[in-house]
Amino acid sequence: MSDLVGRFRKLWDEIAPVGRDAGSGGYLRYALTEPELRLRGWFRDQAAHRGLPVVEDGNGNLFAWWGDPDAGDAVLTGSHFDSVPHGGAYDGPLGIVSAFLAVDELRAADVTPARPVVVGAFVEEEGGRFGVPCLGSRLLSGALPAERAAVLRDAAGVSFAEALGGVPAGARPELLGRFRAFVELHVEQGRALAETSSPVAVASAIWPHGRWRFDFAGEGNHAGTTRMADRRDPMLTYAFTVLAANKEARLRDAHATVGRVSVEPNATNAVPSRVSGWLDARAAEPETLTGLVEAVHHKAVERARRDGTTVTLTEESATPLVAFDGGLAGRLARLLDAPVLPTGAGHDAGVLAAHLPTAMLFVRNPTGVSHSPAESATDEDCAAGVTALARVLKELAC
């Protein structure tokens, strides 16, 4: 194990500086920007070093094949490189580094897979640049039309098609059909494992979740000359809605977060004319999630009437409850003698679960913090994750 810990650290150190912000210590690895493109180059180099041909699917997703790319019945593993703004180091890249090392472990043990093993790197999983999470897997699977993805724009106005270098290919059923299973290793986003002796867990399900944009419109005016009684301030409606989302989520034992806001004209001495806020909502059951969003919308509309403003709700993305293949999850849990945990976080594995048997492995995160520089995992636990993934790949591919 100590040798594997060292090899993990060596490979991890190659990517650790890429996209790291000196001020926050977090990462700015937005999809198809310079840092993420460097990591994609690193992916190709690692694949070439191992003699694995790389296939790109026309949507920005990369697949390195240990075996014939034209063969079917392949076992896919991997994750993503992109980050949320000032995110943690492990969310995404850990699954890719671990996949390459798992291949190394199998080769060192003279294991010859009976079917191809594929290391994947999916594009724009976080939605941090173009706003739609799991964009690459949604395109590959046909869950998102290529024409809609092509016109998505980042904060600078650059479209996804421009960043990609062409219109995305969209659904690739002939490629997706070559995979018999997908296993995604990911850092734990929570600290359920911190209280156990197990460094690795198996996922049972992903909560239904989505993103909704609230647009509040009012009347822009002078901050110093407009009487309080005369104002139609959308910021007040927005602020009330944030508090309402918090309350309604707590009442339902659900999660609601408003972590992004846009204000016009965004001037200190001006009453805003328009405010947009993005709600991230998650719940254990679909009906709970629906009830949460409807309640928040209802309260926002009521408040807008009192404020003399208007509110428009737009669903930007929605993912239903994903119960991972029960037979596969149980099989892997027994194989690894690992606990089984649900998660409230979305993943490419959740998108692909509608098309092929899918499972996830979680590596212990002692802080429980994710999407933050405080996200962490020990090298020993990461090595244990590699060992677990190698056992899973041997089980499924051999």
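The values are calculated or read from the model by the stated rules, or taken from the named source; none is laboratory data. Since this is a predicted model, take the numbers as computed values, not measurements. Cβ placement follows ideal geometry from the backbone for every residue including glycine, while neighbour counts extend to all protein chains displayed. Calculation scope for accessible area: heavy atoms of the full protein, side chains included, ligands and nucleic acids excluded. Shrake-Rupley method; radii C 1.70, N 1.55, O 1.52, S 1.80 Å.
Please go through (1) farther than 20 Å from His209 by Cβ; (2) in a loop (DSSP other than H, G, I, E, B); (3) touching a helix residue (DSSP H, G or I) at 6+ places or on another chain (Cβ under 7 Å) for Ala181 and return the number of the only condition it doesn't satisfy.
(2)
Cβ contacts < 8 Å: first residue touching a residue at least 60 places away in the same chain (Cβ under 8 Å) and more than 12 Å from Leu193 (Cβ to Cβ), restricted to the stretch 356-368; second residue of a type in the set (Asp, Glu) and assigned to a loop (DSSP other than H, G, I, E, B), any location; separation 6+ or different chain. Result?
Matching pairs, first to second residue: Pro357/Asp325; Thr358/Asp325; Ala359/Asp325.
Restricting to the stretch 254-284, give me the number of residues that are open to solvent by 70 Å² or more (accessible area, probe 1.4 Å) and either at pLDDT below 95 or not in a loop (DSSP other than H, G, I, E, B) (or both).
Here is the first cut: in the stretch 254-284, the ones open to solvent by 70 Å² or more (accessible area, probe 1.4 Å) are 255, 257, 259-261, 264-266, 268-269, 274.
When the remaining residues are screened for being either at pLDDT below 95 or not in a loop (DSSP other than H, G, I, E, B) (or both), the result is 255, 257, 259-261, 264, 274.
Final tally of qualifying residues: 7.
Taking Arg40, is it at pLDDT 95 or above, of a type in the set (Lys, Arg), in a helix (DSSP H, G or I) and open to solvent by 30 Å² or more (accessible area, probe 1.4 Å)? Give the steps one after another, and end with the answer.
Details: at pLDDT 95 or above: yes; of a type in the set (Lys, Arg): yes; in a helix (DSSP H, G or I): yes; open to solvent by 30 Å² or more (accessible area, probe 1.4 Å): no.
Judged against the criteria, Arg40 is not a match.
Among the residues of the stretch 292-316, how many are touching a residue at least 12 places away in the same chain (Cβ under 8 Å) and out of contact with any Phe, Trp or Tyr (no Cβ under 9 Å at 6 or more places or on another chain)? Break it down into steps so the answer makes sense when it comes.
Looking only at the stretch 292-316, we keep the residues that are touching a residue at least 12 places away in the same chain (Cβ under 8 Å), and these are 292-293, 295-297, 299-300, 303-304, 307-316.
In the following step, the residues that additionally are out of contact with any Phe, Trp or Tyr (no Cβ under 9 Å at 6 or more places or on another chain) were identified as 292, 295, 308.
Number of matching residues: 3.
Which is more than 30 Å from Pro342 (Cβ to Cβ) and free of Cβ contacts under 8 Å to residues at least 40 places away in the same chain, of Thr237, Thr225? Don't jump to the end; show me each part of the working.
Working: Thr237 fails: free of Cβ contacts under 8 Å to residues at least 40 places away in the same chain.
Residue meeting the stated conditions: Thr225.
From Arg178, Arg153, which residue is within 16 Å of Gly58 (Cβ to Cβ), open to solvent by 20 Å² or more (accessible area, probe 1.4 Å) and at pLDDT 95 or above?
Working: Arg153 fails: within 16 Å of Gly58 (Cβ to Cβ).
When all the criteria are applied, what remains is Arg178.
For Ser372, work out the one condition from (1) assigned to a loop (DSSP other than H, G, I, E, B); (2) under 16 Å from the mean Cα position of the chain (by Cα); (3) within 30 Å of Ala171 (Cα to Cα) it doesn't fulfil.
Condition (3) is where Ser372 drops out.
Can you tell me which residue among Leu341, Leu289, Leu321, Leu328 is in contact with a Pro (Cβ under 6 Å, 6 or more places away or on another chain), touching a residue at least 40 places away in the same chain (Cβ under 8 Å), farther than 28 Å from Pro116 by Cβ and open to solvent by less than 50 Å² (accessible area, probe 1.4 Å)? Don't jump to the end; show me each part of the working.
Details: Leu341 fails: in contact with a Pro (Cβ under 6 Å, 6 or more places away or on another chain); Leu321 fails: open to solvent by less than 50 Å² (accessible area, probe 1.4 Å); Leu328 fails: farther than 28 Å from Pro116 by Cβ.
None of the other options fit; the residue is Leu289.
Return yes or no: is Glu248 among the acidic types (Asp, Glu), under 23 Å from Pro320 (Cα atoms) and free of Cβ contacts under 8 Å to residues at least 12 places away in the same chain?
Details: among the acidic types (Asp, Glu): yes; under 23 Å from Pro320 (Cα atoms): yes; free of Cβ contacts under 8 Å to residues at least 12 places away in the same chain: no.
So Glu248 fails the test.
For the stretch 199-235, what are the residues that are polar (S, T, N, Q), part of a loop (DSSP other than H, G, I, E, B) and either buried (at least 16 other Cβ atoms within 10 Å of the Cβ) or modelled with pLDDT under 95 (or both)? Before you say what the answer is, go through the steps one by one.
So the first thing to find is which residues in the stretch 199-235 are polar (S, T, N, Q), and the list is 204, 221, 225-226.
After this cut, where a residue has to be part of a loop (DSSP other than H, G, I, E, B) as well, the list is 225-226.
If the condition is that a residue be polar (S, T, N, Q), part of a loop (DSSP other than H, G, I, E, B) and either buried (at least 16 other Cβ atoms within 10 Å of the Cβ) or modelled with pLDDT under 95 (or both), then Thr226 is the only one that fits.
For every residue, the table says whether it meets (1) crowded, with 16+ Cβ neighbours inside 10 Å; (2) in contact with a strand residue (DSSP E or B) (Cβ under 9 Å, 6 or more places away or on another chain).
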position	(1), (2)
Leu11	yes, no
Glu14	no, no
Tyr30	yes, no
Trp65	yes, yes
Ala99	yes, yes
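Taking Ser137, is it crowded, with 24+ Cβ neighbours inside 10 Å and not in a loop (DSSP other than H, G, I, E, B)? Please lay out each step first, then the result.
Values: crowded, with 24+ Cβ neighbours inside 10 Å: yes; not in a loop (DSSP other than H, G, I, E, B): yes.
Considered against the rule, which asks whether it is crowded, with 24+ Cβ neighbours inside 10 Å and not in a loop (DSSP other than H, G, I, E, B), Ser137 comes out as yes.
Enumerate the pairs (first residue in the stretch 45-61 and at negative phi; second residue anywhere and of a type in the set (Val, Ile, Thr) and open to solvent by 20 Å² or more (accessible area, probe 1.4 Å)) with beta-carbon separation below 6 Å, excluding pairs fewer than 6 apart on the same chain, so at least 6 apart or on different chains.
Matching pairs, first to second residue: Ala47/Val54.
May I ask you to list pairs of residues, at least six apart or on different chains, whose Cβ atoms are under 8 Å apart, with the first in the stretch 89-107 being part of a helix (DSSP H, G or I) and the second being among the acidic types (Asp, Glu) and open to solvent by less than 10 Å² (accessible area, probe 1.4 Å)?
Gly95/Glu184
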